[in-house]
Amino acid sequence: MDTQRRQFQLNVPGLLKVLAENLYSNRKVAIRELIQNAHDSIMRRVIANGTDISFGPRIQLRADPANSILTIMDNGDGMDDNDIIQYLTTIGNSYTREVGSTLEFLHPERASALIGQFGMGFLSAFLIASEVKLYTRKAGGQGWSWYCDASEFYEMKPAEVASVGTFIELKLKPEAEPLLNADELTQAVRRYADFLSVPIYVNTRVQPVNLMTPPWESDTPDKAVKEYLERTFNQREVLHTVILRDQIIDLGHDTLTVPLRGVMFIPPSSVVSLREYGDVMVYIRRMFITDQERDLLPSWARFFRGVIDCAMLQPTASRESLHQEESFMAVRQALEAQLLAELRRVAYEQPQVWRRIVVSHTDLVLGWVTVNDEFFDQVADLLPIQTSRGAMLLKDYLAQTGNVFYYVTQQIGSLQDQLLGEGFEVPVIDASWFAVKPFLEKYASRLPAQSRLVQMDGDAKKLMQPVDDSRYDGLVMFFRKHGIVAKIASYKPHGVPGLMLYPRNADAMIEARRALESDELSDPFAEIVSDYLSQQGDDDDSQPTGVLYLNASCVLVRQLTEPAAAPMRDSVLTLIHQIAKLFAGRTLTAQDAATAFSGVTQSIIEVMNHG
Amino acid sequence: MGDEINYWKLFSDSFNFRYTNPQATVGMMRQASALAKQAGDLQYGLYVDHWLLQTLINVTGDYDEALDLAVQTAVEARKRTYREQMERVCVHEDLISAYLGIDPIGHAKLIEDAMTYMERETDSSIECYYCLLSLRANFEITFGATEKATHTIRRYYSETQSYDRHHFGSAHVELCSLMALRGDWERMLPYTLNGIEVTGDNVQMQGNVATLWAARALALRKLNREVEALVAFQRAKAKADLMQIPIYRVYYDMMCDFHLEVGEVEAALILREHQLKDVIGKGQPYWEAVFRLAYARLLKQIGRPYAEQVSQIRQLSMKLKKPEVVLDPLSAFEAEA
């Protein structure tokens, strides 16, 4: 059989349904698409007129709730029958894209005024409308009317059209009727087209509802930005604003000028200290794309928010998000360079502002400070850190401790670790907050002088000096006889006779052993858990039962080595052990605690009897 | 500091950082878990621990901490408190994943038994079923068991097709890894693009996208479609550069092979250095040894000293149940002219 060459058949209603229902996440984007088409039509007329705007460019939206009709009218360059067939009703052909590409090289500023790219925005009308009528006329040309009810056919015919431009009448679907509410419509226009330079009017309002000029391009940008932030972000007082400008980035073999426009700001501290921002509202050629772009800001800059307009960014077909490609990375790099430069400037020239920024966002800044060296250097000595003696700056803290960071990572169960710290008469840093430990490590790595980090929970042994003295052998033997691992060390505070220290995962190991002993795990997992336990160290300090460290610096412990103490020694040692266990509070079941209390009581009775 | 934060808020916020500052995510999840348990909300604690494990295993690759937590959590999950909780199943898979990341060959029997048990206990009505398929595919590819892997990946691919994009995207990565293993470049190509489309802009799956572009670049270069290969390579690199977390092993393998195909040893060396940085000191002795050997090969190829790598591999082998799985290839490498 001969090869047959056939053309694809399009099921237009099906395609409309797919595009309309699946391409866009929100049906209000139809307003954006239609306004954008109107805007581009006007821009094409302006370009064709040699930038003459004496015809008074305008877009008019009118709602007719009684008949469920929404109309959009522009006085752009309109369409003839060829344009309607070639562009309006051919999916994927974009008139604006074609005009834009011819202008791009010689007149980039004119090309940049055009937004459309995909030739499919008009389809979005069927997101909200069951029927669309269109009337249009080019200057000096025949007028045309066009009609489609979302079927695969449309009708077009010559018509009397009074003025140059395009008039679209949408018969709204019931679910889109809220758009007939003037406030709803105004809100949609502001959301999508606030910065379009063509004035947009809604119903009988005499003032355009869109700003037209982005605040950063206003003659009085500081005032305009302030008003804009209040209106758009509900931010009356921000800590700092950065008005973006072109940024040159180094590509190695070349440079690239990234056309950044917009404003970034640092909000005051939020009610919830963890609240992070970092979301950027994105415009491309003044057309709204998204208000939730979270990858454009460098990761350390989550305390910023803002709005950016950059023609280098590439929208996805639905124009509700961005392609994260090379140009996206270049914009991100440019933004990072500019924010860092600005923060550096503020740190040197406006130290009070800088201090407020850092103090207001301490938790957030701490979380991010470790990922950028330059940012770290700017904030490290301004961040207050919580310690057992209140908030302190690290440089002051290190002056007290001789360049040693003593910290605990858990608030619960770290009292005895903090006790050891107090013995050294140093404050202990509360590193239970997720970001503190990485910050300390980074700070230590960048100190010119040698420094040390001592984690007090799980690593408190570092605060003890081992003691090798045979006088204490009897005390250690007593415990060994009872299956308790005891060691002698010297540590502060001197009033503490003994402390129990456990490996980090002691509780988990004990629980795992219990589960294995009582056969509560399914076979393959019991084998894995046994394997895990067998790989744990077999030295004394790795045992989940813990090690009792008797304090050779404590008078009581020293006295227990004297012959005179012999009659009461066992009772007192038991007392020391049980109190240490209770004080540590780890690995204890209720039964263990009851046994410990019973041991304490018995020992006290014995001591009293001897007394 | 932090007392005013609810643990659930802390946990939900931690996801914001997962792919940009994973260490912050880990810290926040640890804290959320501790606070939940302290408040007596044990179920939530287990839920957070599962996600913490997922982050440690799949995002930061920190297996030292993952192993301790995975054992602790699997043991905890035996209690009646968690009987109705889905994560009770998940944490068992997390434990298998942890063992896979640490010493997959040394622990092969333990892993195989545990997977078989879980497969018997889990049906396709819960997501864990698909996670298990993914684990098995990974396990079999690690062993170079292409026939078994083909069978598993076919199932993973066909069963996730109508399930969700996350697993279906991963199935494409597994499929492309397998095809690379078999040198099936022509057939791989459509799957790379399909996988990229399936994955889309999902921020959680950008590692998959980078890997699929890398696979595509390699396949195109193997097929002498050089211009397209370079474009795909740029896409892979751009995606990977955006990521602030360790990237998948397969990505590095594909990208290195891409360079080596035209003798760009230096470029491959840089990639292997990055890959090594991602695993050093993170409790993955088997993989660290494998990557060091690949790195040593490149060093040898361009006449640079590699004794340090050999010594490190020997040390790492001592942490493995079957040291010979890295020592034998090491001896063979040393014996090569």
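The overall shape of chain B is prolate: from the C-alpha gyration tensor, with semi-axes ordered a ≥ b ≥ c, the ratio a/c is 1.5 or greater and a/b exceeds b/c. Separation of region B:37-61 and region B:257-296 by C-alpha centroid, Å? Going from one Cα centre to the other spans 31 Å. Derived scalar couplings between HN and Hα for region B:285-302 equal x, 5, 5, 4, 5, 4, 5, 5, 5, 4, 5, 4, 4, 5, 4, 4, 4, 9 Hz in order, rounded to whole Hz, by the Karplus curve 6.51 cos²θ - 1.76 cosθ + 1.60 (θ = phi - 60°), x for Gly and Pro. For region A:421-511, run through the chymotrypsin sites (Phe, Trp or Tyr not before Pro) and keep only the ones in DSSP coil with at most 15 other Cβ atoms within 10 Å of their Cβ. Taking region A:421-511 and a limit of 15 other Cβ atoms within 10 Å, no loop chymotrypsin sites (Phe, Trp or Tyr not before Pro) are found. Of all DSSP bridge pairs formed entirely within chain A, close to 80 percent run antiparallel. Across region B:105-117, rounded Karplus estimates of 3J(HN,Hα) from the backbone phi angles (6.51 cos²θ - 1.76 cosθ + 1.60, θ = phi - 60°) give 7, x, 9, 3, 5, 4, 5, 4, 4, 5, 5, 4, 4 Hz, Gly and Pro being marked x. For region B:1-79, the set of GluC sites (Glu not before Pro) satisfying both a DSSP loop assignment and a count of at most 11 other C-beta atoms within 10 Å is given as B:E4. Considering only DSSP states other than H, G, I, E and B, which trypsin sites (Lys or Arg not before Pro) in region A:165-266 qualify as loop sites with at most 10 other Cβ atoms within 10 Å? Listed in order of number, the matching sites are A:R236. The mean number of partner chain beta-carbon atoms within 10 angstrom of a residue's beta-carbon across peptide A:430-442 is 4.
Give me the lysines in straight-line cross-link reach of A:K171: C-alpha distance below 27 Å, same-chain residues under 8 apart excluded. Cross-link targets: A:K17, A:K28, A:K133, A:K138, A:K157.
Per-residue ellipticity at 222 nm from helix content only, as computed over chain B with -39500 (n - 2.57) for each DSSP H run of at least four residues, stands at -23500 deg cm²/dmol. Rounded to the nearest 500, the helix-only mean residue ellipticity at 222 nm of chain A stands at -11500 deg cm²/dmol, with each DSSP H run of n ≥ 4 adding -39,500 (n - 2.57). Distance between the pseudo-spin-label points of B:D241 and B:A39 (7 Å out from Cα toward the beta carbon): 4.3 nm. Stretching A:F583 away from A:V359 to a fully extended chain increases their span by 77.0 nm, per 0.36 nm per residue minus the current alpha-carbon distance. Close amide-amide hydrogen proximity is noted between A:E131 and A:K171, each under 5 Å apart and 5 or more residues distant or on a separate chain (H modeled in the peptide plane; Pro and chain starts excluded).
Gain on full extension, evaluated as 0.36 nm per residue between A:D291 and A:L256 minus their Cα-Cα distance, stands at 10.0 nm. Dividing the convex hull volume of the alpha carbon atoms of region B:265-337 by its residue count gives 73 Å³ per residue.
Oblate is the label for region A:556-611. Its Cα gyration tensor axes, ordered a ≥ b ≥ c, give a/c of at least 1.5 and b/c at or above a/b. Using only Cα atoms, locate the centre of region B:147-201 and the centre of region B:7-25, then give the distance between them in Å, rounded to an integer. Region B:147-201 and region B:7-25 have Cα centres separated by 29 Å. As a calculated quantity, the FRET efficiency between A:F597 and A:K395 at R0 = 41 Å, using C-beta atoms, amounts to about 0.35. For the pair region A:538-552 / region A:416-486, the C-alpha centres are spaced 13 Å from each other. For the cross-link pairs A:K173/A:K223; A:K442/B:K79; B:K277/B:K319; A:K226/A:K437; B:K237/B:K321, which exceed 30 Å when the distance is taken from alpha carbon to alpha carbon? Those over the limit are A:K173/A:K223; A:K442/B:K79; A:K226/A:K437; B:K237/B:K321. Once backbone amide H atoms are built at 1.01 Å from N, A:H240 has A:I266 as its partners under 5 Å, excluding neighbours fewer than 5 places away on the same chain. Taking every residue in A:526-532 and counting other chain Cβ atoms within 10 Å of its Cβ, the average works out to 6. Excluding the site residues themselves, the longest part of chain A lacking any GluC sites (Glu not before Pro) in a DSSP loop with at most 14 other Cβ atoms within 10 Å is A:238-424. Please label the shape of region B:1-121 as rounded, prolate or oblate, based on the square roots a ≥ b ≥ c of the eigenvalues of the alpha-carbon gyration tensor (a/c under 1.5 means rounded; beyond that, a/b larger than b/c means prolate, else oblate). Note, shape of region B:1-121 comes out oblate. Taking only the Cα atoms of the protein assembly as shown, the radius of gyration and Dmax are 34.0, 121 Å. What the phi angles of region A:186-192 give under the Karplus curve with 6.51, -1.76 and 1.60, with θ = phi - 60°, is a coupling list of 4, 4, 5, 5, 5, 4, 9 Hz, glycine and proline written as x. Computing FRET efficiency as 1/(1 + (r/R0)^6) for A:T232 and B:Y163, where r is the C-beta to C-beta distance and R0 is 35 Å, gives about 0.30.
Using a Förster distance of 45 angstrom, determine the FRET efficiency expected from the C-beta separation of A:Y147 and A:T213, and round it to 0.05. The value I calculate is 0.75. Annotation: amide H of A:S218 has no partner in the under-5 Å range at sequence separation 5 or more or interchain, hydrogens built in the peptide plane.
Readers should treat all values here as calculations from the given coordinates under stated rules, not as data from a laboratory. The structure presented is a predicted model; accordingly, all values stated were derived computationally and were not measured. Note that each Cβ is placed from the backbone with ideal geometry, even for glycine, and that neighbours are counted across all protein chains shown.
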